[in-house]
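Some notes on the structure that comes next.
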Amino acid sequence: MSVPSADPLQTGRALYQRRAWAGALRALREADDLAPLGSADLDRFAKAAYLSGNEAECIAAFTSGFQLDVDTDPTAAARTAFWIGFVLTQAGRWSEAGAWLERGGAVLDGAGLDGAERGLLLVPLGLQRAFAGDTDGAKDLFGRALDLGREHRDPDLLALARLGTGRAALMPGMASTAEAVTAVGHLDEVMVAVTAGEVTEMIAGLAYCAVIDACRILLDVRRAQEWTAALSRWCESQPELVPYRGQCLVHRSQVLQLHGAWADAATQARLARERLSDPPGQGAAGDAWYQEGELHRLRGDWDVAEEAFRRANTFGRQPQPGYALLLLARGDGSAASATLTRTLEETVDPFARPVLLAARVTIARALGDTAAVRGAADELTTLSGQRSCQYLAALAGHAVGAATLTEGDPSAALPPLRAALSVWASLEAPYEQAGTRELIGLACRELADDAGAALELGSAAATFARLGAAPDAARVDTLLHPRAASRPAHPLSAREVEVLRLIGAGHTNRAIATTLHLSEKTVARHVGNILAKLDLPSRSAATAWAYEHDVIRAGTAPK
């Protein structure tokens, strides 16, 4: 059934009801040009503007609504002041947000009111206290807001108060690990209200992203996957929705990466980065850049990964541990260890430390620093014992196995490694499975079980190759074929070797780009680098060099 277009006001209201935000905004904008909108329609105008990515129009419409209501309907005016503060807080404009929240409070004070609107005004103030490190002040404000939400049965206020309580508990210094895990129950209650359609869309989007981020912090992979799928469905039901679609794509990319769908993960990360770049200044763009950097690092595109990590850093997203692991991959283990050690010294948050400690195990083991490997493994074991989390348990098991193997006890290393492998398999995490299999293979080799070692290392190599993890595949290939370790070193990166092998198979740049999920421009740059590094005149000369130096073994060139 089509919506009549003769009356833009009725059209705007109908489109708003359908959650067609951009269309509703256009129609309400046209209606406002014909005759000034009333308070209720200005509220629709503002929310449609926000949800379609037009922040300036949103604030202007809310401001007009506040001015209409301030002398006649203080309750509505105070709620509008909250929404202005909400939008400004999401944009990081804390001072302006605080001024509007105080203005809303003054309206309530003047009218002698203390209803749900008072609680709404307390929530952003609680977040400000939390970010400032005022633990007691934040808890007090969220507690008061929750009490008012219960008293007045206001779904938006209840959701925001619970969201603030649960999310703030995961900030460094806000609570003990046990208290923070208990606080996640508040987040579950929020999501029940969201999925039941009890809260407004602006709060629903915020809740989805905040809860998924909490799952990420807690390393609760299964819940993160479930809520990411729900967020994706929610966003897809509103094609014109803007503010939350970028974060949705970042979360989706992370889930796809875990499950080994790296090409799809890269596509989602790139789309997220593009979406979060317009309008500019969105802090979440740093997460998208970091995610792109990680995927490039894993596949051996080190120059591209470094640039992505640098861009993430400019958006305030600390590019660790990815950047440290990139330095290690490039052969600068000392720099990798130094930057990760400094990051760990600065990071006291027990929820942020596990992934950094896991990277420390990798870097310290590569450098032969037995004490550092054991220290990281022991801390991971302690953190894992403080809360029930499969992902964290697997990180700890892998780390303990790595430490024990490094200390020269391969037999004792196998039980924790096999336990970790079982968890990785249950989480459908193939890259992590391959990394643990590699250590199991090394332990078997040290126990003179060459057949078992070949089985585990072969499985790891096949998984790395299937994923496109070129540096890891090359490393395990060397373990499987020790003769390769004695070959003369060459100046090519792992990605350049991969490109060279495809050149040897007769692939064009376009075909190579398709196979490796790169742009033709990037492939051309790799080809130019190969010829320059080897001082060769042509692709055919490079192919001959590859066979001569056993980079491509006769009869094994990629098809």
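The values are calculated or read from the model by the stated rules, or taken from the named source; none is laboratory data. Not measured: the values here are computed from a predicted model. FYI the Cβ positions are ideal-geometry reconstructions off the backbone, even for glycines, and counts take in every protein chain you see. What goes into the accessible areas is simple: the full protein's heavy atoms, side chains included, and nothing from ligands, DNA or RNA. Shrake-Rupley method; radii C 1.70, N 1.55, O 1.52, S 1.80 Å.
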Taking Cα atoms, the helix 8-17 axis meets the longest principal axis of the chain at an angle in degrees (rounded to 10) of 50
Charge tally for neighbours of Val400 with beta carbon under 12 Å away, counting Lys, Arg as +1 and Asp, Glu as -1, is -2
Rounded to the nearest 10, the angle in degrees between the Cα long axis of helix 470-480 and the longest principal axis of the Cα atoms of the chain comes to 30
Log entry: pair-distance distribution for the range 410-464, C-alpha pairs binned every 10 Å from zero, whole % per bin is 30, 55, 15, 0
Of the residues Ile530, Ser232, Cys209, the Cα lying farthest along the dipole of the chain towards its positive end, which is defined by charges on the beta carbon of Lys, Arg, Asp and Glu, belongs to Ile530
If every Lys and Arg gets +1 and every Asp and Glu gets -1 at its Cβ, then about the Cα centre the chain yields a dipole, in debye to the nearest 20, of 1660
In Å³ per residue, the alpha-carbon convex hull of the range 382-502 encloses 123
Note: Ala462 to His152 extended length (0.36 nm per residue) minus current alpha-carbon separation gives 105.6 nm
Taking only Cα atoms of the chain, the Rg to Rh ratio with Kirkwood Rh works out at 1.05
Rounded to one decimal in nm, the spacing of the 7 Å Cα→Cβ label points at Arg310 and Ser519 is 1.6
dims of the range 214-316, Cα set, principal axes, largest to smallest, nearest Å -> 37, 31, 24
Once Lys and Arg are counted +1 and Asp and Glu -1 for all other residues with Cβ under 14 Å from that of Leu421, the total becomes -2
Between Val192 and Asp409, the two model label points (7 Å from Cα along the beta-carbon direction) sit apart by a distance in nm of 4.7
Gyration tensor on Cα atoms of the range 1-94, a ≥ b ≥ c root eigenvalues, a/c under 1.5 rounded, else prolate if a/b beats b/c, else oblate, says oblate
Rh (Kirkwood, all Cα-Cα pairs) for the range 5-47, Å, reads 9.7
Contour minus Cα-Cα span, Asp7 to Thr478, at 0.36 nm per residue, comes to 162.3 nm
Of the candidates Gly408, Pro350, Leu325, the farthest towards the positive dipole end of the range 290-408 (Lys/Arg Cβ +1, Asp/Glu Cβ -1, centred on the Cα centre) is Pro350
In degrees rounded to 10, the 0-90 angle between helix 135-152 Cα long axis and the longest Cα principal axis of the chain is 50
For the chain, dividing by residue count, accessible area per residue (probe 1.4 Å) in Å² works out to 43
Distance in Å, no decimals, from the C-alpha centre of the range 412-435 to the one of the range 132-167 is 40
By the mean-Cβ-within-10 Å protection proxy, highest first, 129-140, 220-231 rank as 220-231, 129-140
Residue by residue through the range 22-30, the couplings from Karplus 6.51 cos²θ - 1.76 cosθ + 1.60 with θ = phi - 60°, in Hz, x for Gly and Pro, are 5, x, 4, 4, 4, 5, 5, 5, 5
Expected sort for 17-28, 345-356 on mean C-beta neighbours within 10 Å, highest first, is 17-28, 345-356
In order over the range 220-230: 3J(HN,Hα) from phi, Karplus 6.51/-1.76/1.60, θ = phi - 60°, whole Hz, x for each Gly or Pro, gives 8, 5, 5, 5, 4, 5, 5, 6, 5, 4, 5
The farthest towards the positive end of the charge dipole of the chain, of the residues Leu447, Gly112, Val255, given +1 on Cβ of Lys and Arg and -1 on Cβ of Asp and Glu, is Leu447
So Glu548 and Ser237, fully extended at 0.36 nm per residue minus their Cα-Cα distance, gain in nm 106.3 nm
Given 62-70, 248-256, 410-418, the highest-first ranking by average Cβ count within 10 Å works out to 248-256, 62-70, 410-418
Among the Cα-Cα pairs of the range 308-461, the proportion with separation greater than 23 Å, in percent, is 37
A 1.4 Å probe over the protein heavy atoms gives the chain a carbon and sulfur accessible-area percentage of 52
Looks like the range 39-97, by Cα gyration tensor root eigenvalues a ≥ b ≥ c and the a/c under 1.5 rounded cutoff (else prolate when a/b is bigger than b/c, oblate otherwise), is oblate
